[in-house]
Amino acid sequence: MNGKKILPPHIEYISVRKTYDRSNWVVRDLDLHVQRGEFLTLLGPSGSGKTTCLMMLAGFEAPSAGEIRINGAPVGGLPPDKRGIGVVFQNYALFPHMTVGGNLAFPLEVRGMAAPERQERVERALALVRMEGFGDRRPGQLSGGQQQRIAIARALVFEPELVLMDEPLGALDRRLREELQYEIRRIQRQLGVTVVYVTHDQQEAMAMSDRVAVFQAGRIEQVAAPEVLYEEPQRAFVASFIGENNLLPGRVLSINRGVCAVEVDGRQIEAAHVGDLPVGADTLVAIRPERVTISHEAGRFANEHEATVEDISFLGDHLRVRLSVCGTSSFIAKIPNIVGHGGILPGDLVRVGWATLDCRALEAESK
Amino acid sequence: MRLRGPRATAVALTLPLLAFIAASFVAPLGTLLSKSAYEPNVANILPRTLAALDGWSGDGPPAEAAFAAIAEELPKARQERTLVRVAGPVNRLKSGMRRVLTRTARQVETTEFAGSWREALIGINPAWEEPDTWLAIQAAGTRFTLRHYLQALDLERRPDGSIGLQPEESRIYMPLLWRTLLVSLGVTLLCLAIGYPIAHLIATSPPKRSNLLLLMVLVPFWTSLLVRTTAWIVLLQRQGVINSLLVALGLTPDSERLEMIYNMTGTFTAMTHVLLPFMVLPLYSVMRSIPPTHMAAAASLGANPVQGFIRVYLPQTLPGIGAGGLLVFILAIGYYITPALVGGRSGQLISNMIAYHVQTSLNWGLAAALSSILLVAVLGLYLIYSRLIGIDRMRLG
């Protein structure tokens, strides 16, 4: 459009399938593009196929069908050591018999780089992860967080364009995890490398990624930027996996320009119409707990229902209220802790309300 | 410090074990080793003879006092049934002395004393005239002696008192020790070459298969050593399975069946098979502790499989190689049954010689000296090993 040559995506998965035993598909019909310089996270529960996807990209596993391309070229016949991809493992995989410096120099040595240049690169990589002066230590003498910094430096020291990270922060405690999330993001931006990151922690995925691919049972449910995933989930699994959602089963009554009426437990709810749900189809209506308002006045929202307060938990910045409404006794509302939150008590009869666009009618999971 | 309560109980509980070790290991080993340098029998049985020989120049027969003393002490030893303890050691220093001593002892009893024991004894046996006879008795009479060690090292004390190598044709123990060391080294290397891939396969297989493979290593390990060794006889002998198969296939003519047993080949084959589990198990234990992501990481960093193996995997298995190697080597160096059964003449090792001297020639002093040298050799290798690799890094499974 502006005269630039159109480059292929950095990474393409084309109809990739993977099975280990010819009967269970670990990955099914995966299509995914990753752009150059992008931070893409594969997010999903354990066993959803995200790590297998990463291992196929690194070359440790071969797809059973389909093709993976890097820079437009298929990499099927390329062994892992010829792919030039940096990989960071969950258990760090630092070589215990070498010093930190030896670990970092290893990828440069096997590439036949001369010692002075090697030394300079190692120093630069250590500076990048803020571990200057640790070159002579053994990995065993470092803390978990320090080891992971070294593992990241080692995956970057030979200047790959693409770095894969397989749950790199999984073994660290929360504070360290947050610190390293920030560090990884800073390094990725600084170097402009493409990162494909695997995690089962949705907060981690939301905090770090340009885009997140949500995996379930070997399929991608949705690929989108974190805020899009949160605000506009396309499927019930995404709605329940990303953040918290009240999911109410119902049936589509009518559709009118992106808004549909859904019958839930004999009542009618107005919800955003997602996808191509036809009239009469089963649906799950997703409502974010923090978008629910509890009040005593009527007429403020399109959806208003009488509810009974079952339980209230005080969580500091907000109150978590469990209500009986629309045929469920576990409807959650999060009420911000601001002056005048109503003084509600368990057993009270209240009105809950939410806007039409804050609830989405999604395709029911049964297929 | 006084021991009380649980500590005292703990110490008390280990006492039977300590007593057992002392009684069954330290004491017999100490006694045997002391025999290599301490031989008090002759000195105890012929004290007066030896005292009379004190100050004798060694040229010509000794003084009458020595003849008189031995004429009294030999019959006494015969009556007390201790003569054999004198005859053995002296006979080893001068062959034929066993007969001289026993006959003299018997005949002296019936000989009438006629003024000179010297003439009486020479009359019984002319050997009493030779200085060598008396030199042998004198040498056997020293309580502390290095002669077993000299013999074990193929050395001899020359008449002038200096120590030198024995003539080449009578050197047997040092060549045998060398052969034992070389065979042990060869068996160790062979075990490593065969055991390393097996251990790697077991360590990296899925649990079900690795358990099966481990069982295949362990079942022979649990089988009687004798059964395994004789199984090799069945396979390797001239009329055995392998030779018959080769002849049936026409690969070797019937007249030229291969000699694969009762020689060094047999010793090598059977010992490698018997000792293999001692190599596989420590290696397996070390390899299992190496995360599989290490090789994946090496590949992702650009190392091809050979580079990854040499730079990342092999160094991490060194403690296992050290432990397995040391275990196999030390067991091989003292191996006895297998070479005895399948070694024939050329496949005998130093332990078989020790067994010969303990059971057949009854030269316990020499057996003890050979054992001591073997022990020192093993300890020396152990020290070299711990200097090179560090004993704390060894993993014995």
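Coordinate-derived values only; no laboratory data. Predicted, not measured: the structure shown is a model, and the values here were computed from it. FYI the Cβ positions are ideal-geometry reconstructions off the backbone, even for glycines, and counts take in every protein chain you see.
Distance distribution P(r), segment A:49-133, all Cα-Cα pairs, bin width 10 angstrom from 0: 15, 38, 30, 17, 1 percent.
Projected over all directions and averaged, the alpha-carbon convex hull of the protein assembly as shown occupies 60.3 nm².
By the beta-carbon count within 10 Å of each Cβ, the least crowded to most crowded order of B:GLU112, A:GLU38, A:GLU297, fewest first, is B:GLU112, A:GLU297, A:GLU38. Rg over Rh for segment B:256-397 works out to 1.13, using Cα positions for both radii and the Kirkwood form for Rh.
Helices in chain B that qualify as membrane-span-like (whole DSSP H runs, Cα extent of at least 15 Å along the helix axis, mean Kyte-Doolittle hydropathy of 1.0 or higher) are B:5-21, B:173-204, B:225-236, B:264-288, B:314-333, B:364-388. The relative contact order of segment A:92-250, computed from alpha carbon pairs under 8 Å that lie at least 6 residues apart in sequence, is 16 percent. Neighbour counting of Cβ atoms within 10 Å sorts the residues B:THR14, B:THR82, fewest neighbours leading, into B:THR14, B:THR82. Legend: calculated FRET efficiency, A:ARG186 to A:SER15, from the Cβ-Cβ distance at R0 = 51 Å, rounded to 0.05, equals 0.90. With no solvent and one equal point scatterer placed on each C-alpha of segment B:9-58, evaluate the Debye formula and give log10 I(q)/I(0) for q = 0.16, 0.18 Å⁻¹, two decimals. Values, matching the q order: -0.66, -0.72. Helix A:115-128 and the longest principal axis of the Cα set of chain A meet at an angle near 20°. Taking a ≥ b ≥ c as the square roots of the eigenvalues of the Cα gyration tensor, segment A:1-105 is oblate, since a/c reaches 1.5 or more and a/b is not larger than b/c.
Averaged over the residues of peptide A:83-94, the number of Cβ atoms from other protein chains lying within 10 Å of each residue's Cβ is 4. Under Stokes-Einstein, with the Kirkwood radius over Cα pairs as Rh, the value for segment B:39-105 at 37 °C and 0.692 mPa s is 270 µm²/s. Eigenvalues of the alpha-carbon gyration tensor of chain A, scaled by 5 and square-rooted, set the equivalent ellipsoid semi-axes at 46, 26, 17 angstrom, largest first. Our Cα-only numbers for segment A:119-176 put the radius of gyration and Dmax at 11.7, 34 Å.
Relative contact order for chain A: 15 percent, from Cα pairs under 8 Å spaced at least 6 residues apart, divided by residue count.
Distance between the pseudo-spin-label points of A:LEU78 and B:GLN166 (7 Å out from Cα toward the beta carbon): 7.2 nm. Along its first, second and third principal axes, ordered by size, segment B:199-317 spans 59, 31, 26 Å in Cα coordinates. Mind telling me which of A:ALA298, A:ALA105, A:ALA93 comes out most flexible in a GNM of chain A, alpha-carbon contacts under 10 Å? Fluctuation is largest for A:ALA298. In this simple spin-label model, placing a label point 7 Å from the Cα along the Cα-to-Cβ direction at both B:ARG238 and B:ALA114 gives a separation of 6.1 nm. Computed over segment A:1-60, the percent of Cα pairs more than 19 Å apart is 38. Where a ≥ b ≥ c are the square roots of the eigenvalues of the C-alpha gyration tensor, would you call segment B:68-129 rounded, which needs a/c under 1.5, or, failing that, prolate if a/b is larger than b/c, or oblate? Note, shape of segment B:68-129 comes out oblate. Pairwise inverse Cα distances across segment A:291-351, averaged and inverted, put the Kirkwood hydrodynamic radius at 11.8 Å. Relative to the longest principal axis of the Cα atoms of chain A, the long axis of helix A:100-109 lies at roughly 70 degrees. Here the spin labels are modelled as points 7 Å beyond Cα on the Cα-Cβ line, and at A:LEU7 and B:ASP254 they lie 8.0 nm apart.
A straight chain from A:ASP311 to A:SER329 at 0.36 nm per residue would run longer than the Cα-Cα distance by 5.5 nm. Once you divide the Cα radius of gyration of segment B:78-226 by 2.2 N^0.38 Å, the number left is 1.93. In plain terms, the bigger the Kirkwood radius, the slower the diffusion; for segment B:181-264, with that radius from Cα pairs, at 37 °C and 0.692 mPa s, Stokes-Einstein puts D at 211 µm²/s. For segment A:192-325, a crude dipole built from +1 on the beta carbon of Lys and Arg and -1 on the beta carbon of Asp and Glu, taken about the Cα centre, is about 260 debye to the nearest 20. Considering only beta bridges that DSSP places wholly inside the protein assembly as shown, some 75 percent are antiparallel. Among the trypsin sites (Lys or Arg not before Pro) in segment B:24-81, those placed in a DSSP loop whose Cβ has at most 16 other Cβ atoms within 10 Å are B:ARG81. Spread over its residues, the convex hull of the C-alpha atoms of segment A:244-312 is 113 Å³ per residue. Each principal axis of the Cα cloud of segment B:120-196 was taken in turn, and the coordinate range along them, longest first, works out to 73, 27, 26 Å.
Taken over chain A, lysine pairs spaced eight or more positions apart, or on distinct chains, with alpha carbons under 29 Å apart number 6. With contacts defined as alpha carbon pairs under 8 Å and 6 or more residues apart, what's the relative contact order of chain B in percent? For chain B, the relative contact order is 18 percent. If you wrap segment A:89-188 in the convex hull of its Cα atoms and look at it from every side, the mean projected area works out to 6.0 nm². Fraction of C-alpha pairs exceeding 26 angstrom in segment A:116-238: 28 percent, rounded to a whole number.
The order of B:LEU341, B:LEU185, going from fewest to most other C-beta atoms within 10 Å of their C-beta, is B:LEU185, B:LEU341.
Stokes-Einstein diffusion for chain B at 37 °C, viscosity 0.692 mPa s, with a Kirkwood radius from C-alpha pairs, works out to 126 µm²/s.
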